[in-house]
Amino acid sequence: MSRTPPSSAESLIAAHGGRITRTRVAVLEVLLAADQSLTHDEIAGALAGQGFRHDRVTLYRTLDWLIEAGVAHKMAGDDRARRFGVAASGPHEHAHFHCDRCGKVVCLEGLQPAVAVNLPGGYQLDRAELVLHGACPNCGESTQSTSSNP
């Protein structure tokens with residue numbers, strides 16, 4: 001009897017010492033397939049679109065575990081919605097780009113912010129978030145093509 005080889009989602013979960021469950025695998029596969037960070041509702045919609053049944057609490061707990069294990073990261077958007085994405089190996093120290101036109105948020109893995117913070121005595125930095133704002137390639141192109149037409 002041959003076993004199906006583990007998916008990359010299963011491998012990531014196992015590598016981070018986690019128990020492989022259907023929900024963890026399904027959620028992580030959604031995040032791995034996404035080209036941007038996703039909100040809870042977007043993840044829930046993607047799961048529903050695949051016919052995967054879940055409840056909101058289980059999804060929140062799954063996302064919490066993925067973050068605690070270092071498999072995923074979260075960031076707050078301007079709309080106060082948390083967005084989730086697959087974490088690069090190592091600490092989550094990179095910038096994000098937020099398209100102000102369509103709302104897309106992407107990780108900029110190649111941009112490592114050099115944060116030199118001179119905090120007053122007694123303060124301790126736990127995390128820092130750098131979010132760059134502008135237009136993504138799709139929105140930037142549509143703006144240019146609209147403005148070039150008389």
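Can you name the residue in the range 8-40 that is of a type in the set (Gly, Ala, Ser) and touching a strand residue (DSSP E or B) at 6+ places or on another chain (Cβ under 8 Å) and, of all such residues, is surrounded by the most Cβ atoms within 10 Å (Cβ to Cβ)?
The qualifying residue surrounded by the most Cβ atoms within 10 Å (Cβ to Cβ) is SER37.
Tell me which strands (runs of 3 or more DSSP E) are completely within the range 40-150 and hold 3 or more residues being at pLDDT 80 or above and over 30 Å from GLY17 (Cβ atoms), or say none if there are none.
Numbers: elements: 72-76, 82-86, 95-99, 105-108, 131-134.
Fully inside the range 40-150 and qualifying: 95-99, 131-134.
So in the range 76-88, with the set limited to residues that are closer than 23 Å to ALA15 by Cβ and touching a residue at least 40 places away in the same chain (Cβ under 8 Å), which one is farthest from the chain's Cα centre (by Cα)? It would help to see each step written out before you state the result.
So in the range 76-88, the residues closer than 23 Å to ALA15 by Cβ come out as 84-88.
Subsequent filtering for residues that are touching a residue at least 40 places away in the same chain (Cβ under 8 Å) retains 84-86.
On the way: PHE84: 3, GLY85: 1, VAL86: 5 Å.
By that ranking, first place goes to VAL86.
Could you list, ordered by first residue, the pairs with Cβ atoms under 6 Å in which the first is in the range 123-136 and farther than 13 Å from ALA95 by Cα and the second is aliphatic (A, V, I, L, M) and assigned to a loop (DSSP other than H, G, I, E, B), at least 6 apart or interchain?
Hits for this filter: LEU125/VAL117.
The values are calculated or read from the model by the stated rules, or taken from the named source; none is laboratory data. Bear in mind the structure is a predicted one, so any value in this text is a computation, not a measurement. Reconstructed Cβ throughout: ideal geometry from the backbone, glycine too, with neighbour counts over all protein chains shown.
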